[in-house]
Amino acid sequence: MNYFYLLLILLALNITQVIIMYLDKKRAIKGEERIPEVILFFTALFFAGIGFYVSMFILRHKIRKWYFHVGALMIILQNCCTIYVFLKLLKII
């Protein structure tokens, strides 16, 4: 199996997460209805933890809330462990 496709999918998921965080940031600035925090966390669970954490700092969004820092790191750990187990089950590594 080629790792290129796996990396491409992960990149697309993380870019999608950055876009979601960007849209929430724009809504916050405009005072419009926001994307619920549970949705931000839920979308990050689908292998977009790195995009979630990076976009927090790039966009300076949700960086004051401690549970976003802890949650993002836990989601990254969960993403890495899930990918490891998946690759191990397929006997790729």
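Values in this text are rule-based calculations from the coordinates and carry no lab data. Because the structure is predicted, anything quoted here is derived from the model rather than measured. In this analysis, Cβ positions are derived from the backbone assuming ideal geometry, glycine residues included, and neighbour counts consider all displayed protein chains.
Of everything in segment 3-35, what is within 8 Å of the chain's Cα centre (by Cα) and under 22 Å from L87 (Cβ atoms)? Give them in sequence order.
Those that are within 8 Å of the chain's Cα centre (by Cα) and under 22 Å from L87 (Cβ atoms): L13, N14, Q17.
Six or more apart or on different chains, Cβ under 6 Å: which pairs go from a residue in segment 46-70 that's within 18 Å of K25 (Cα to Cα) to one that's part of a loop (DSSP other than H, G, I, E, B) and not aromatic (F, W, Y)? Could you list them?
Sorted first by the residue in segment 46-70, then by its partner, the pairs are M56/K62; M56/I63; F68/K62.
With the requirement that a residue be under 15 Å from L11 (Cβ atoms) and more than 8 Å from the chain's Cα centre (by Cα), what does segment 36-66 give you?
Result: V54, S55.
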